[in-house]
Amino acid sequence: MCAMARPRKPLLSTDRIVETARALVDAEGLAAVSTRRLAAELGVSGPSLYNHFRTKDEILEAVADSVSGQVDLSMFQDGRDWRTALHDWAVSYRAALRDHPNIVPVLARGPGRRPAGLRLADAVYGAMVAAGWPPAQATSIGALMRYFVMGSALGSFAGGFVDDASAYDPADYPHLQQAHLLAEQQEKIDERAFETGLTALLDGLARQYEQVRRTA
């Protein structure tokens with residue numbers, strides 16, 4: 001009996017579509033994604049995608065959720081105190097967004113019905129309530145952290161300055177004489193800024209937490 005011939009291309013699956021779409025978003029941005037382009041990248045006919053996703057927006061939502069799924073949540077389950085957990089989670093969250101910056105505008109809409117996004121929100125809120133934060137403040141902390149991390153991922157501060165010294169005429173910008181050097185140290189400066197802001201944010205929350213504990 002003759003063996004059945006193997007398919008020439010991998011079978012189409014939801015995971016394969018999401019992986020391909022994520023790579024396309026990473027390389028070319030959100031505008032590059034279309035069902036026609038994805039079908040071409042996957043080597044399939046356009047209508048076959050509709051067995052898995054009804055619209056382009058559904059595909060982008062799935063890509064966004066796949067990035068949320070890369071964020072480590074173990075710090076909320078292994079006994080770390082609330083401040084350490086928030087710090088470590090924020091670092092992991094930012095790392096995921098830094099690796100996939102083009103999908104941040106979709107993530108910024110909120111979790112919607114995305115499972116990984118909802119698990120992320122549930123983990124943060126649950127850990128804060130378990131640590132003794134009142135529910136309303138736990139909600140605010142989740143929102144605050146999200147604003148901060150996503151804001152840091154939307155663009156580079158250092159990378160926003162051109163590396164041309166002539167752009168910073170001292171007559172107009174007397175305090176920007178070293179600004180042309182920022183771009184070449186982009187990663188170092190942005191990392192330091194993120195840690196500075198995160199520490200300041202957590203210090204402020206720690207003071208609020210002491211007040212909460214005193215009045216509890």
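The values are calculated or read from the model by the stated rules, or taken from the named source; none is laboratory data. Not measured: the values here are computed from a predicted model. Because the Cβ atoms are built from the backbone with ideal geometry, glycine has one as well, and the counts that use them run over all protein chains shown. These accessible areas exclude ligands, DNA and RNA; they are computed on the full protein's heavy atoms, side chains included. Shrake-Rupley method; radii C 1.70, N 1.55, O 1.52, S 1.80 Å.
If you take every residue apart from A127 with its C-beta less than 12 Å away from the C-beta of A127, what net charge results, scoring Lys and Arg +1 and Asp and Glu -1? Spell out each step's value before the answer.
Working: positive: R80, R83; negative: D78, D81, D88, D122.
Neighbour charge sum, excluding A127 itself: -2.
Heavy atoms only, probe 1.4 Å: what % of the accessible area of the range 1-126 goes to carbon and sulfur, would you let me know? Walk me through the intermediate numbers first.
Values: 3800 of 7250 Å².
Carbon-and-sulfur percentage of accessible area, whole number: 52.
Kindly report the accessible area of the range 134-216 per residue (heavy atoms of protein chains, probe 1.4 Å, no ligands, DNA or RNA), in Å². Mind showing how you got there, number by number?
Working: 5360 Å² over 83 residues.
Per residue, the range 134-216 has 65 Å² of solvent-accessible surface.
Considering the Cα positions of the chain, please state its Rg to one decimal place and its Dmax as a whole number of Å.
According to the Cα coordinates of the chain, Rg and Dmax are 22.2, 86 Å.
Can you give the accessible area of E191, probe radius 1.4 Å, in Å² rounded to 10?
Per-residue accessible area (E191): approximately 60 Å².
Choose one answer from Y93, Y173, Y125: the residue with the largest mean-square fluctuation in a GNM of the chain with alpha-carbon springs under 10 Å.
Result for the chain, Cα springs under 10 Å: Y173 fluctuates most.
Could you pull out the trypsin sites (Lys or Arg not before Pro) across the range 28-80 that fall in loop regions by DSSP (anything but H, G, I, E, B) with no more than 12 other Cβ atoms inside 10 Å? Don't skip to the answer; put the middle values down first.
Numbers: sites: R36, R37, R54, K56, R80; in loops: R54, R80.
Listed in order of number, the matching sites are R54.
Treating only the Cβ atoms of Lys and Arg (+1) and Asp and Glu (-1) as charged, compute the dipole magnitude of the range 1-115 about its Cα centre; round to the nearest 20 debye.
Details: 16 positive and 14 negative charges, 87 e Å.
It comes to approximately 420 debye.
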